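Below: one structure, written as structure tokens.
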Amino acid sequence: QRLKAAVHYTVGCLCQEVEEDKDVRFSKQSIAAISEITFRQCEIFAKDLEMFARHAKRTTVTTEDVKLLARRSNSLLKYITQKSEELASSNMEQKEKKKKKSSAAKGERTPGEQETAMTENEDSNMA
């Protein structure tokens, strides 16, 4: 019920934005109808995603499942693909930062830091 109420609230907010932009009005009944349709469509999407994962013998829904769901809408598929690539890139950057932090905490050096340390060591030996 809380989820349904949240969907109704969000649809109401979106309708309000459209009213301001397009100078149209939505009745309470039309907002309720849009909310109900949206909620039911989300339930269908959830079942489809679950079936896609199950078909692939997985228990986890992946971005590939979401892309498969969005395949009929080119613009939505393009948007989802772009966002998933951005997230993957961001996750890779975070993993790299964690690796550097953990190796620095352990006193280990990255290859670039090892090279710099060796050069500094050679310089001090020559002096």
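Brief remarks follow.
- Conditions (1) modelled with pLDDT under 55; (2) outside any helix (DSSP H, G or I); (3) of a type in the set (Asp, Glu); number of the one not met by GLU122: (2)
- Among the residues of the stretch 103-113, at least one is outside any helix (DSSP H, G or I), among the small types (Gly, Ala, Ser) and modelled with pLDDT under 95.
The values are calculated or read from the model by the stated rules, or taken from the named source; none is laboratory data. These numbers come from a predicted model, not from an experiment.
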